[in-house]
């Protein structure tokens, strides 16, 4: 019996490393075939973007689950080109426009370190270069707000996104707080052009989070009028109401007015952040007496409505 058990153990010790090695080889082969399939799918996806009438409906595509869009838009060619790089190579303005409207980054680089805009410039694809350059400028941190109208006229997409998921609206408010007269005018232009107000940056913040954090009352009003979701939560489960209290400035009257604006827009006082704290808890910790009273009254009203 002992000899039989020993024999079985020896056989298993010999087979198992072989099986592990075989599995690893199979995984490499599978990975290679999957890569080849992706290259084939790249051209199929491009034809779909270029010709399928359904892809013209940008609104429908941007409302689909992220995985669906990523599956289509993340296709890469043999040079590390995205579909937008390929559109640049083909000087295909129609496909480039569709891809930008559906959220494909104008910043993403291929294996040669070139963005679609760089590639279009190098290959002298003038039409698509002008389109890509306008979108690139609309996202630039040093964007001058008085340029917005010109860039939109040049067919820049009002919801073009950077690799960190910034849109022009997020960029304006996050860079300077969007409080200058020029910035406010730029925000109005973007909202009038139907900029998406609830797009989230890579850490989940919306334009309203940014505006509330810097107590920009005018921007907050404009965003609420444009149907911004006052209860949207970032990756730390914070709402704009949390943000308005986290960074309290010397002007407490301004903070009070900001909280009042959010509450009038039906901000939910019961939402907790990742620490399990509501905006009311944060106000109590900072001993903001008037704001605590304001939030307590709003919380009571909301409970009564629920009851």
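Read the figures in this text as sums done on the coordinates, not as results from a lab. These numbers were taken from a predicted model, which means no experiment stands behind them. Note that we place each Cβ from the backbone using ideal geometry, even for glycine, and neighbour counts take in every protein chain shown.
Each label was represented as a point 7 Å from its Cα along the Cα-to-Cβ direction; for residue 296 and residue 264 these points are 2.3 nm apart. Sorting 107, 166, 274 from the fewest to the most surrounding beta carbons within 10 angstrom yields 274, 107, 166. Calculated FRET efficiency, residue 194 to residue 142, Cβ-Cβ distance, R0 = 25 Å: about 0.55 to the nearest 0.05.
Please give the length that would be gained between residue 237 and residue 274 if that part of the chain were fully extended, namely 0.36 nm times their separation in residues minus their C-alpha to C-alpha distance (nm, one decimal).
On the way: separation 37, 0.36 × 37 = 13.32 nm, distance 0.55 nm.
The span from residue 237 to residue 274 would gain 12.8 nm if fully extended.
Here the stretch 274-297 and the stretch 97-149 have alpha carbon centers that stand 44 Å from each other. Listed by Cβ neighbour count within 10 Å, with the fewest neighbours leading, 252, 188, 305 appear as 305, 252, 188.
Quick one: grab the alpha carbon gyration tensor of the stretch 255-307, order the square roots of its eigenvalues as a ≥ b ≥ c, and give me rounded if a/c is under 1.5, else prolate or oblate depending on whether a/b is larger than b/c. Note, shape of the stretch 255-307 comes out oblate.
Panel order for 241, 261, by other beta carbons found within 10 Å of each beta carbon, from fewest to most: 261, 241. What FRET efficiency comes out for residue 41 versus residue 94 if R0 is 25 angstrom and r is the Cβ-Cβ distance? Round to the nearest 0.05. Plugging the Cβ-Cβ distance into 1/(1 + (r/R0)^6) gives 0.75. The Kirkwood radius of the stretch 116-188, taken over pairs of alpha-carbon atoms, gives through the Stokes-Einstein law at 4 °C and 1.567 mPa s a diffusion coefficient of 103 µm² s⁻¹.
Computed over the alpha-carbon pairs of the stretch 129-170, the distance histogram in 10 Å steps reads 33, 61, 6 percent, short to long.
Using only alpha-carbon positions in the stretch 221-278, the gyration tensor eigenvalues give semi-axes of 18, 16, 9 Å once each is multiplied by 5 and square-rooted (largest first).
Sort 127-140, 151-164 by the packing proxy (mean of other Cβ within 10 Å over each peptide's residues), most packed first.
With the highest mean Cβ count within 10 Å placed first, the list reads 127-140, 151-164.
Could you work out how much longer the chain between residue 185 and residue 304 gets when fully extended? Use 0.36 nm per residue separation minus the Cα distance between them, nm to one decimal.
Numbers: separation 119, 0.36 × 119 = 42.84 nm, distance 3.99 nm.
Extra length available between residue 185 and residue 304 comes to 38.9 nm.
Evaluate E = 1/(1 + (r/R0)^6) for residue 285 and residue 122, where r is the Cβ-Cβ distance and R0 equals 35 Å; express this FRET efficiency to the nearest 0.05.
Calculated value: 0.05.
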